Amino acid sequence: METISNLLNYLHIGGATVDYQILFNLAVAGMFGLGGWILGRITKTLDQLDADVRVMPEKYVLKSDYIDTLKGIHDKLDKIVEKLDGKADKSR
């Protein structure tokens with residue numbers, strides 16, 4: 001039975017012997033290819049995230065704006081309650 005070293009040293013592909021340098025080059029090329037693909041996916045995801053963040057002010061309201069709006073509504077409701085309390089024909 002042949003050892004792994006012998007198998008790697010004498011792989012026959014199309015009649016040619018493949019040595020360690022070729023296998024190393026293929027492994028490095030594969031790693032760079034995978035790394036490039038991952039980097040491309042990360043870049044695409046970051047671009048999408050950036051686009052989503054830029055749209056946020058159009059879709060969502062700031063907390064301070066929300067509080068100001070509710071304060072205005074609360075003030076108007078207080079005036080309505082005061083007018084209702086001051087009505088002369090109010091039944092007791």
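The values are calculated or read from the model by the stated rules, or taken from the named source; none is laboratory data. Just so you know, these numbers come straight off a predicted model, no measurement behind them. In this analysis, Cβ positions are derived from the backbone assuming ideal geometry, glycine residues included, and neighbour counts consider all displayed protein chains.
If we keep just the residues of the range 30-69 that are in a helix (DSSP H, G or I) and aromatic (Phe, Trp, Tyr), which is modelled with the lowest pLDDT?
Tyr66
Surrounded by 10 or more Cβ atoms within 10 Å (Cβ to Cβ), at pLDDT 95 or above and hydrophobic (A, V, I, L, M, F, W, C) - does that describe any residue in the range 16-25?
Looking through the range 16-25, none of the residues is surrounded by 10 or more Cβ atoms within 10 Å (Cβ to Cβ), at pLDDT 95 or above and hydrophobic (A, V, I, L, M, F, W, C).
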